[in-house]
């Protein structure tokens, strides 16, 4: 297999992570539908369990024996080896959902008495985990508004010696606000001690691995709902956690015990999608940019939230220039009116599908306040900038002229 560091991700992913000659020469990996695996010797089985349970770290280049599909599986390992192509990670851990990746990763590095601080807003499921579930384990969580920036984050770190994790979602769901990842990484380093390393985790789902590389900006761990762009076809649910081997190995050990690993079929489907990931995202971004221009000129649209736009504010534009290589395909826009007007648009689209999720080949539209972020209190929504007239759009691969015509006729119903 090629290990040429000069190869671009779009090329290297086709050669790394899978050796066809270990699978009867199959050009594409077969699906390994088995619960358990046979050991060649007892010593091989012993070593496999030492690594799986974190009793002894794997040596560089060591390929431990497969044990049991809750622990590891060829399809999962192949996908993990290929999915890191764009992010520059050492390793990845595949989970049965994005929330599986987030919850398992957080629990790996947090214990009772620790504190997690997070940017606000975040995805509704993440917000529920932080506000309602982690406190049940005596893990404190505190948030800071993204627009308040590093000053608000430093204030939390300066006054709380129990902080162990800084969790960022950038761009944020659904406001599209960007966090200062290098700045947060610098603060984590500043306030870490010999006995307390503060980790920076970044949910990069919205921008995806093509236009953003948080690990290269100083983050320790990058998280994805692989359901979205990695899967890309709205036919699977999965999550990914990526980073250094030092961080991913204990995450995999927790995954083994929590039972949150993904299945072989899902891993195979994501592997199928990797070859077109960059092509899909670049095409979707191109269409999204045209749709943004259309929405900004429409009289029924009050405002558009999209990375890089001047209306996001000079600080946000500067963060976008420093941290991203693109603008992505997620758009939030605000219609003139309230929930009734937003619902009228949602009920009037004909080709854009009314559904949550994002990053698929089809365009999806939804109402964050009553759908993806409905569990937030009115005050939390107001503080996060999630209003009743906000609509979130994930741009797919349909003809962009048809998408704009669909939005035009729906907006005219207001």
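Just checking, does the range 176-195 include any residue being within 11 Å of the chain's Cα centre (by Cα), surrounded by 22 or more Cβ atoms within 10 Å (Cβ to Cβ) and closer than 24 Å to residue 373 by Cα?
No, the conditions are met nowhere in the range 176-195.
Do the conditions hold for residue 57, that is, is it in contact (Cβ under 8 Å) with a residue 40 or more places away in the chain and either on the phi > 0 side of the Ramachandran plot or buried (at least 20 other Cβ atoms within 10 Å of the Cβ) (or both)?
It is false that residue 57 is in contact (Cβ under 8 Å) with a residue 40 or more places away in the chain and either on the phi > 0 side of the Ramachandran plot or buried (at least 20 other Cβ atoms within 10 Å of the Cβ) (or both).
Looking at residue 258, is it in contact with a helix residue (DSSP H, G or I) (Cβ under 7 Å, 6 or more places away or on another chain) and under 16 Å from residue 90 (Cα atoms)?
Criteria not met by residue 258.
Based on what the data block shows, is residue 283 more than 29 Å from residue 50 (Cβ to Cβ), crowded, with 18+ Cβ neighbours inside 10 Å and within 21 Å of the chain's Cα centre (by Cα)?
Answer is no for this residue.
Given 261, 291, 221, which one is touching a strand residue (DSSP E or B) at 6+ places or on another chain (Cβ under 9 Å), modelled with pLDDT of 95 or more and in the same structural domain as residue 395 (by TED's automatic domain parsing)?
291
So, in the range 324-356, of the ones that are part of a loop (DSSP other than H, G, I, E, B) and touching a strand residue (DSSP E or B) at 6+ places or on another chain (Cβ under 7 Å), which residue ends up farthest from residue 170 (Cα to Cα)?
349
May I ask you to list the residues in the range 395-414 that are in contact with a helix residue (DSSP H, G or I) (Cβ under 8 Å, 6 or more places away or on another chain) and either farther than 20 Å from residue 328 by Cβ or crowded, with 24+ Cβ neighbours inside 10 Å (or both)?
395, 396, 407, 408, 409, 410, 411, 413, 414
Go over the candidates 199, 236 one by one and state the one that is out of contact with any strand residue (DSSP E or B) (no Cβ under 9 Å at 6 or more places or on another chain) and either surrounded by fewer than 23 Cβ atoms within 10 Å (Cβ to Cβ) or at pLDDT 95 or above (or both).
Criteria check complete, one pass: 236.
So which residues in the range 144-162 are buried (at least 23 other Cβ atoms within 10 Å of the Cβ) and in contact with a helix residue (DSSP H, G or I) (Cβ under 8 Å, 6 or more places away or on another chain), if there are any at all?
Quick first cut of the range 144-162, residues buried (at least 23 other Cβ atoms within 10 Å of the Cβ) only: 146, 153.
Within the range 144-162, just 153 meets the criteria.
Which one is surrounded by the most Cβ atoms within 10 Å (Cβ to Cβ) among residues in the range 129-143 that are in a helix (DSSP H, G or I) and in contact with a strand residue (DSSP E or B) (Cβ under 7 Å, 6 or more places away or on another chain)?
First, pick out the residues of the range 129-143 that are in a helix (DSSP H, G or I): 129-137.
Restricting the remaining residues to those that are in contact with a strand residue (DSSP E or B) (Cβ under 7 Å, 6 or more places away or on another chain) gives 130-131, 134-135.
Numbers: 130: 23, 131: 16, 134: 20, 135: 11.
Restricting to residues being in a helix (DSSP H, G or I) and in contact with a strand residue (DSSP E or B) (Cβ under 7 Å, 6 or more places away or on another chain), the top hit is 130.
Residue pairs, Cβ under 6 Å, 6 or more apart or interchain, first in the range 368-380 and farther than 14 Å from residue 132 by Cα, second part of a loop (DSSP other than H, G, I, E, B). List them.
368/174; 368/386; 369/386; 369/388; 371/356; 372/356; 373/386
Considering only the range 239-256, state which residues are surrounded by fewer than 19 Cβ atoms within 10 Å (Cβ to Cβ), within 17 Å of residue 215 (Cα to Cα) and either out of contact with any strand residue (DSSP E or B) (no Cβ under 9 Å at 6 or more places or on another chain) or modelled with pLDDT of 95 or more (or both).
The answer is 244, 246.
Here are 308, 275: which of them is touching a helix residue (DSSP H, G or I) at 6+ places or on another chain (Cβ under 8 Å) and under 30 Å from residue 399 (Cβ atoms)? Walk me through it before giving the result.
Working: 275 fails: touching a helix residue (DSSP H, G or I) at 6+ places or on another chain (Cβ under 8 Å).
It is 308.
Considering only the range 298-313, state which residues are assigned to a loop (DSSP other than H, G, I, E, B) and under 26 Å from the mean Cα position of the chain (by Cα).
Once the filter is applied, which keeps residues that are assigned to a loop (DSSP other than H, G, I, E, B) and under 26 Å from the mean Cα position of the chain (by Cα), the range 298-313 yields 306, 307, 308, 309, 313.
Given (1) out of contact with any helix residue (DSSP H, G or I) (no Cβ under 7 Å at 6 or more places or on another chain); (2) surrounded by fewer than 21 Cβ atoms within 10 Å (Cβ to Cβ), identify the lone condition not met by residue 80.
So residue 80 meets the others, but not (2).
The values are calculated or read from the model by the stated rules, or taken from the named source; none is laboratory data. Only a predicted model underlies this, so the values are computations on that prediction, with no experimental measurement involved. With ideal geometry, Cβ positions are generated from the backbone for all residues, glycine too; neighbour counts draw on all protein chains shown.
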